[in-house]
Structures are given as structure tokens and as C-alpha cells.
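Written out below as C-alpha cells is the structure these notes cover.
Read the figures in this text as sums done on the coordinates, not as results from a lab. If you're wondering where the values come from, they're calculated on a predicted model, not measured in any experiment. Every residue, glycine among them, receives a Cβ derived from its backbone with ideal geometry; neighbour counts consider all protein chains shown.
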Amino acid sequence: MSQQMKVHIVGIGEDGLAGLTENARQILAQAELLIGEKHVLDLIPSGGAARLVVGPDLEPAVEEIARSPAKRIVVVAEGDPLFYGVARYLCNKLGKDRFEVVPHVSTMQLAFARVKESWEDAFLTNLATHPLEQVLEAIRTAEKVGLFTSDTYTPAVVARTLLDQKIDYFTAYVCENLGAPNERVTRAELRDLVGQEFSPLNVMVLVRKPHVPDRPSDAIGRRVFGNPDEVFLQSKPKRGLLTPADIRAIALAEMDLGPASIVWDVGAGSGSVAIEAAQLARQGTIYAIEMDPDDHQLIIENARRFGVTNLIPVLGRAPEAWSDLPDPDAVFVGGSGRGICRLVEAAYQRLRKGGRLVATMSSIDNLAETHHMLHAHGLDVKVWLIHIARGNYQLERIRFQALNPVFLVSIVIPV
């Protein structure tokens, strides 16, 4: 039986052989068969090796490799073969032991280098495999975005779609023919890209402008509670202080609201808990207490967007701000400050018989102090540690992004 040869998967840039290491050039020179897309194989001068041109469908390459175990085969891919996905596909089909990968700098990495931005925290996707419509909400809330564009989703189409969705707060860069003599990087506002044409070989980078809030999508109000975080207007740079949808849903469940409940949301922020409480208790009254004037204005705007009319924003510092409010059936206290125990105790003393109080906090010191105080009042204190990770796609892979752990405390006043 003939010995099975390793198949090399070699990454290459637009500068062709000149940009490769000596080892990579030797691997290409010794090849009996080169496999790759036409524009990639055209970067390599003709020699003695046969060539198999493939497109997006890599099955012909898989079949050729499978039936030629003794042949020196080199698969040539643009940039980093693992980042772009060619190497991963072949390894999944034929096994990792069959291949050796010789990476080149990814065009995505080059694009971020050209615009002098880090890409470690960017949302990255390939529009050839993930349609723009599927990733709009991820783009909406990202700080930085890297897009492999496609024939369908060109930079002009991407720009027009984002503007139509009110996602207008990014500076855009279109990086064409990276590594080639005709390389070009265009910096522009999204509106200036509409109608422009670029080389098919381009990467689009979006960088959020500083201190600009998200423009939430119009698809809001479809859930009574647990609405996605991105549908609420949030302040910048304080974005991220909103109670996440997952925590919000648990908190509202523990608040056990009735149709006519009176509710206090203490430290309401952008008003997400108060708004969803207002949707649950349509005949009740919800008081959203917030001391920051900017966030107080966001509560008003978010309430208008959701169409809730039973929410009353209260500008002021707790507990003084609630002195003239009616006693509540349920209270939510959110925040990370040292005074949260004091606020929980003051709110507890105003609760009606059978009333519910839920508080969230991120510090174990706050948890210990609050738990001790409530327990000293003879209450049955329920405590949760909630640690949630949300899946998101980076190119073809799913990754989990963990939310900050949150402690949730809940009590019910005996009847």
C-alpha cells in the first residue's frame, strides 16, 4: 500500500509568492496538484503542478484528495485558511491528521490593521454565508464590526440597509485588494457609500462613534416582558447598566404582578423593568424612580416607544423621591452601589401586606449585608446566583459571551 501524503493547506495574500515564507514557497514548488479558487491560483506562476479550480462548493476537492493519497496536494486559500473556513471544512470531512495548515495573514486582520483598530472585541461575520438581515441586531449593538462582503451584500448595499434600519452611528472603512499593489482603504460616512462601487475583494470595517446610543429597532412591544436589551434606548457611555432581558424576566416573575398592582422600580435606569411591569399590570400604576436626569428622559422616551400610559417617571433620589408615593404591591431595586441595603430596607417598610420585593446586585458584600438585614426582620429570603452566557456567531462558529454574574434576592411580606 502506498504511503498517504500529508495535504498542505497554504494561505496566500494578494501579493502572491512575494508575501510567503520560504517554507510555504517550497511546499508550493514541490506540489503535484494545486487546488483553489481561480483568482487565488492565478496568484501563483504556472509550473509543473496540475490545477483543480474549485468554487464555493469544495466537494470536488474532497473527492480528489480522498482518491489521491500518494499525491503531493496543496490547497491554496486566501489569508488564514482556518479563519476563512476552508481548512476547517476539509478537516471535518477527511480528518485533521490528513492535513498540515500553513496560515497567512487574514484579510480581516489586515483590514483592522489598516484602520488601526483592535479586532479582538469586534463582531465578525461573512455575508456570503450569513445574510445581512440575520446579523443586523448584532451589528446594531456592537462597538466594532468586520464584514466579509459578497456579490449580494456589497458595501453600498450594506450602507443603505443599515441606514434604513436607523443604524447610522458607525464610521465605515472599505478595504479593497489588501496586500496587492492596487490596495485602497476608503474612510466614509455610511451615507457616502450608498451608490459607490468597489472591488469585489473587499472587507468592510465599522467603528462606532463615541458616546452615541443605539437606535433600537422598531420591532418592539411584541413581548409583554423579556424584550431584547437592544430594543430599549440606552445612554452612552453607560450602556450595559440596563437589567438584561434574562434577569429581567426572572425578576418580574418573582414580583408576581397582578392586573392592578402598584409598582416601584427604584434606580430605574432606562426603564426596562418599569416598562415591562406596566405591560403586565395594565390597570395598575408603575413608578420609575431615577435620579439621573439623562436616564429619566430615556424612561420617558422608552415609555412612549412602548405605548405604556400607566408609567410615571419620578426624578429624584431614593428614598426621599418616594415619600409621597402610594404604598407598593411590588418593588424592584436594581443597582451596584453601596447603599442598596439601605434602599431595600426602606422599601420593605413601605410594602403592603402580601407585597413582594426583588433586588439585584453584583457584589457579594451587598448580598451578605442585604440578606443579613432581611433575615433579621424575620423574613424568608430567597437568593439566586444567576450566571448566563448568550450564544453569538463569529463567522461559522458559535461562541458564548457571558453576562456579569448577578445575585437576586426576593422576599414576600406575610399577609
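Annotations
- Sparsely packed trypsin sites (Lys or Arg not before Pro) within the range 116-219, loop by DSSP, other Cβ within 10 Å at most 11: Lys116
- Taking amide hydrogens as placed 1.01 Å from N in the peptide plane, the amide H of Leu124 sits under 5 Å from those of Gly146, Leu395, each at least 5 positions away in sequence or on another chain.
- The slack between Glu197 and Met373, meaning 0.36 nm per residue of separation minus the straight C-alpha distance, is 56.8 nm.
- Radius of gyration, Dmax [the range 229-412; alpha carbons; angstrom]: 16.1, 55
- For a straight C-alpha distance cut-off of 19 angstrom, the lysines reachable from Lys6 (same-chain residues fewer than eight places away being disregarded) are Lys71, Lys93, Lys96.
- Gyration tensor (alpha-carbon) shape descriptor, the range 128-184, a/c threshold 1.5: prolate
- Between Lys93 and Asp246, the FRET efficiency estimated from the beta carbon spacing at R0 = 41 angstrom works out to 0.65.
- Think of each Lys and Arg Cβ as +1 and each Asp and Glu Cβ as -1; about the Cα centre, that makes the dipole of the chain roughly 360 debye.
- When Thr125, Thr309 are arranged by Cβ crowding within 10 Å, least crowded first, meaning fewest neighbours, the order is Thr309, Thr125.
- Average projection area in nm² (convex hull over Cα atoms of the chain, one quarter of hull surface): 25.2 nm²
- Summing Cβ point charges (Lys, Arg +1; Asp, Glu -1) relative to the Cα centre of the range 109-208 gives a dipole of roughly 180 debye.
- Extension gain (nm, one decimal) between Arg342 and Arg51, 0.36 nm per residue minus Cα-Cα: 97.3 nm
- Ratio of the Cα radius of gyration of the range 7-105 to 2.2 N^0.38 Å, where N counts its residues: 0.95
- Length-normalised contact order of the range 109-208 in % [C-alpha pairs under 8 Å, at least 6 apart]: 32 percent
- Prolate/oblate/rounded call for the range 104-210, Cα gyration tensor, a/c under 1.5 rounded: rounded
- Dipole axis of the chain (+1 Lys, Arg; -1 Asp, Glu on Cβ), positive-most option in Ile300, Ala260, Gly13: Ala260
- In the chain, the calculated helix contribution to ellipticity at 222 nm averages -8000 deg cm²/dmol per residue, counting -39,500 (n - 2.57) for every DSSP H run with n ≥ 4.
- Rounded to whole numbers, the Karplus 3J(HN,Hα) couplings from phi for the range 99-108 are 10, 10, 10, 10, x, 10, 5, 5, 5, 5 Hz, using 6.51 cos²θ - 1.76 cosθ + 1.60 with θ = phi - 60°, and x at Gly and Pro.
- Sites listed here are GluC sites (Glu not before Pro) in the range 128-206 whose DSSP assignment is loop and whose Cβ has at most 12 other Cβ atoms within 10 Å: Glu197.
- Nearest-ten-degree value, helix 245-255 long axis tilted from longest Cα axis of the chain: 20 degrees
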